[in-house]
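Engineer: First the structure, which I've put down as structure tokens, then a few questions once you've had a look.
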Amino acid sequence: MLKKFFTAIGEYMILIGKSLQKPQKMRVFWKLFMREINDLGVNSFGLVIFTSIFVGAVVAIQMFNNFDASSFPIPPSFVGYATKAVLVLEFAPTIISLILAGKVGSYIASTIGTMRVSEQIDALDIMGVNSPNFLILPKIIACLIFNPLLIALSIVFGIGGGYIAGILTGNWTTADYISGIQMYMPNLFIIYAFTKTIVFAFVIATVPSYFGYFVKGGSLEVGRASTQAVVWTMVFIIISELILTQLILS
């Protein structure tokens, strides 16, 4: 079991090394890159915005209930600040990345896996094309560029969801909520959030690519590889979050 794990780590590192080389034809690379931007990024807009609005509303309501039940008087404006802090520190970069690991990761693993079992990757190799670079590098660059934008949108729409919750419930005023949002937050929190996002984006692009690239068998094995890819991507996201939290916030 341990030998198999270290073999997989070695294969993964070699695959990433081949992927991060200079593209053989930049015109082809940019065409693939723009397609991946659409498939991996633009197509995730709706899911990210929908999730962020409702979770932002839930977080704001929970914060209000916790503050209201406190034995110490807490100003209503702290609902806005607490909602912003939760979204920036944890929900937007981590939970949205886990959601993207399911959506984007399964897509990447199944796409590359299908090309492997249908021998399209073998054909690329025979023609002298660096297949890992051709298939994986556009996905890596697309995720590294677009995922931070998705996380920024998640923060904005999550705060907007809290604002809507205040209007619908009447538990806090608009002025109090906006005042809380405008409270000072350390720049380290923003750096921490987007550093996590970039690391998670790399994991989301590369781990499913590994499982898809080395799949063997037919369509049934592609489905299993997609499931494994999502599970291991989530595992590595959680582990890397623990490491980054210790390195940046401690």
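The values are calculated or read from the model by the stated rules, or taken from the named source; none is laboratory data. Predicted, not measured: the structure shown is a model, and the values here were computed from it. Here the Cβ positions follow ideal geometry from the backbone for every residue, glycine too, while neighbour counts run over all protein chains shown. Only protein heavy atoms, including side chains, enter the accessible area calculation; ligands, DNA and RNA are left aside. Shrake-Rupley method; radii C 1.70, N 1.55, O 1.52, S 1.80 Å.
Engineer: Any idea which of P148, I53, T7 is furthest toward the positive side of the dipole for the chain, if Lys and Arg beta-carbons carry +1 and Asp and Glu beta-carbons -1?
Structural biologist: Farthest along the dipole direction, towards plus: T7.
Engineer: Just how large is the dipole of the chain about the Cα centre, in debye to the nearest 20, putting +1 at every Lys and Arg Cβ and -1 at every Asp and Glu Cβ? Display every interim value, and only then the final one.
Structural biologist: Working: 15 positive and 11 negative charges, 146 e Å.
So the magnitude is around 700 debye.
Engineer: When 1/r is averaged over all different Cα pairs and the result inverted, which Kirkwood radius in Å belongs to region 105-206?
Structural biologist: On the way: mean 1/r = 0.0586 Å⁻¹.
Every distinct Cα pair counted, the radius reaches 17.1 Å.
Engineer: Here is a further query. Please check which bits of region 28-65 a label hung off M127 would reach, taking the label as a point 7 Å along Cα-to-C-beta and the cut-off as backbone N under 18 Å.
Structural biologist: 28-36
Engineer: Quick one: if the Förster radius is 45 Å, what FRET efficiency do Q21 and I164 give, using the C-beta to C-beta distance and rounding to 0.05?
Structural biologist: 0.40
Engineer: Another question, if that's okay. Leaving ligands, DNA and RNA out of it, work out the accessible area of D122 with a 1.4 Å probe and give it in Å² to the nearest 10.
Structural biologist: Its accessible surface works out to 60 Å², give or take rounding.
Engineer: Here's another thing I want to ask about it. Hey, can you find the accessible area per residue of the chain for me, probe 1.4 Å, expressed in square angstrom?
Structural biologist: For the chain, the solvent-accessible area averages 51 Å² per residue.
Engineer: I'd like the distance between the alpha-carbon centres of region 2-48 and region 157-226, rounded to an integer number of Å.
Structural biologist: Spelled out, the Cα-based centre of one part sits 20 Å from the other.
Engineer: Report the calculated FRET efficiency for E11 and Q62 (r = Cβ-Cβ distance, R0 = 51 Å), to the nearest 0.05. Write out the running numbers ahead of the final one.
Structural biologist: Working: r = 44 Å, r/R0 = 0.86.
Efficiency at R0 = 51 Å is approximately 0.70.
Engineer: Please report, as a whole percent, how much of the solvent-accessible surface of the chain comes from carbon and sulfur atoms (probe radius 1.4 Å).
Structural biologist: Working: 9050 of 12800 Å².
The computed percentage sits at 71.
Engineer: Still on this structure: Evaluate the distance, in nm, between pseudo-label points positioned 7 Å from the Cα of V42 and of A152 along their respective Cα→Cβ axes.
Structural biologist: Between V42 and A152, the simple spin-label model gives 1.8 nm.
Engineer: How tilted is helix 219-248 with respect to the longest principal axis of the chain? Cα atoms for both, answer in degrees (0 to 90, nearest 10).
Structural biologist: Once rounded, the angle reads 50 degrees.
Engineer: Relative contact order for the chain: what is it in percent, counting Cα pairs under 8 Å that are at least 6 residues apart?
Structural biologist: Details: 315 pairs, mean separation 83.4, N = 250.
Relative contact order, the chain: 33 percent.
Engineer: Ranked from highest to lowest mean number of other Cβ atoms within 10 Å per residue, what is the order of the peptides 205-215, 224-234? Let's see the in-between values first.
Structural biologist: Details: 205-215: 25.0, 224-234: 20.6.
Per-residue mean Cβ counts within 10 Å order the peptides as 205-215, 224-234.
Engineer: Ratio of alpha-carbon Rg to the 2.2 N^0.38 Å globular estimate for region 151-199, to two decimals, please.
Structural biologist: Region 151-199 yields a ratio of 1.36.
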